[in-house]
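Read the structure below first, then the notes.
The values are calculated or read from the model by the stated rules, or taken from the named source; none is laboratory data. Nothing here was measured: the structure is a model prediction, and the numbers come from that model. The protein model used for the area step is the full one, side chains on, heavy atoms only, and it has no ligands, DNA or RNA in it. Shrake-Rupley method; radii C 1.70, N 1.55, O 1.52, S 1.80 Å.
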Amino acid sequence: MAGDRHGHAEESAEEQAGTPAPALSELKAVVGWLQKGLPFILILLAKVCFQHKLGIAVCIGMASTFAYANSTLREQVALKEKRSVLVVFWILAFLTGNTLYLLYTFSSQQLYNSLIFLKPNLDRLDFFDLMWIVGIADFVLKYLTIALKCLVVALPKIILAVKSKGKFYLIIEELSQLFRSLVPIQLWYKYIMGDDPSSSYFLGGILIIMYSLCKSFDICGRVGSVRKALKVLCTPQSYGVRATSQQCSEAGDICAICQAEFREPLILLCQHVFCEECLCLWFDREKTCPLCRSVTVETLRCWKDGTTSAHFQVY
Ligand SMILES: [Zn+2]
Ligand SMILES: [Zn+2]
């Protein structure tokens with residue numbers, strides 16, 4: 001009763017204030033409808049979740065494996081020469097074990113086919129099947145990317161200097177993103193065209209053309225990124241000139257990044273001196289001088305710190 005009276009009071013207040021804006025009353029109607037429909041929407045969602053519980057559980061497992069491997073690898077990259085080869089090989093073994101277990105469990109579906117642009121062994125391809133195949137393929141490719149970066153981290157410095165490893169993480173990441181955006185194409189084509197003969201070829205054709213257009217823009221952007229990464233890989237990077245021993249002693253003979261004596265010191269335009277290796281690793285993450293924050297690198301290239309993109313390539 002109290003609520004009723006309150007409602008009446010509100011209505012009369014509205015009447016007194018003049019007619020309410022039509023947009024506002026429509027919004028109120030929508031909110032009211034949503035409030036009434038919410039339990040049914042939740043029931044529907046719960047049913048869908050229950051139907052796909054296995055798929056959701058696998059996705060949560062794969063996502064947490066990815067997050068763990070990604071952050072552990074990043075920590076190892078930041079440790080520079082002090083990285084532990086044991087930890088790196090543990091990540092490799094962990095990812096390999098996960099992937100093999102998954103592909104073995106669902107071996108009847110031949111999910112690995114989607115990695116080499118073939119159709120997995122499924123009778124039909126509805127929306128959830130499409131998401132399932134695309135999701136698994138994307139995670140497996142992310143694991144492969146991390147595995148490749150692990151190999152680069154594990155390389156001894158005689159073969160590959162620590163300061164140039166950033167470029168290799170970058171090119172691996174860009175190539176992986178390009179490949180990951182190519183893998184779903186054939187599955188989307190099959191999904192849009194549909195297997196059953198009753199589906200309309202006209203609608204399918206139009207949708208395919210639209211999909212191809214959007215996709216080609218996406219791929220062009222990624223090819224451009226790969227080209228830029230190749231350019232970074234081929235041009236030797238120089239952030240400053242070799243510092244003389246006098247400049248080093250003026251700077252206190254201690255590198256502000258590693259807090260140790262200078263090794264192959266470089267002097268920046270702002271006259272601050274750092275070890276070359278410390279500087280290369282610093283500029284894989286930042287674009288300003290660590291001491292005075294003056295801009296040294298014009299464009300910051302992401303992915304040089306060994307991170308792998310968590311972006312889920314759905315389409
Ligand atoms: Zn240093
Ligand atoms: Zn400076």
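Some notes on this structure:
- Summed over qualifying helices (DSSP H, 4 residues or more, each -39500 (n - 2.57)) and divided by its residue number, the chain shows a 222 nm mean residue ellipticity of -21500 deg cm²/dmol.
- Kyte-Doolittle at least 0.5, axis length at least 18 Å by Cα - qualifying DSSP helices, the chain: 22-51, 53-78, 85-105, 127-154, 201-234
- Share of alpha-carbon pairs per 5 Å distance bin for region 100-162, given as whole %: 4, 16, 22, 19, 11, 8, 8, 6, 4, 2, 0
- Over region 49-234, accessible surface divided per residue gives 54 Å², non-protein components excluded, 1.4 Å probe.
- Using the 1.4 Å probe convention, the accessible area of region 238-305 works out to 57 Å² per residue with neighbouring protein chains retained.
- Three principal axis lengths of region 238-305 [C-alpha, angstrom, descending]: 34, 20, 18
- Taken over the chain, the convex hull of the Cα atoms encloses 264 Å³ per residue.
- Taking 10 °C and 1.306 mPa s as conditions, region 49-234 diffuses translationally at an estimated 86 µm²/s according to Stokes-Einstein applied to its Kirkwood radius (Cα pairs).
- Look at the alpha carbon pairs under 8 Å that are at least 6 residues apart: their mean separation over the length of region 238-305 gives a relative contact order of 27 percent.
- Bridgeable lysines around residue 163 (alpha carbons under 21 Å apart, same-chain partners fewer than 8 residues away excluded): 80, 82, 149, 228, 231, 287, 304.
- Heavy-atom accessible surface of residue 303, to the nearest 10 Å², is about 70 Å², with a 1.4 Å probe and all protein chains retained.
- Accessible surface of region 49-234 [probe 1.4 Å, protein heavy atoms]: carbon and sulfur percent: 72
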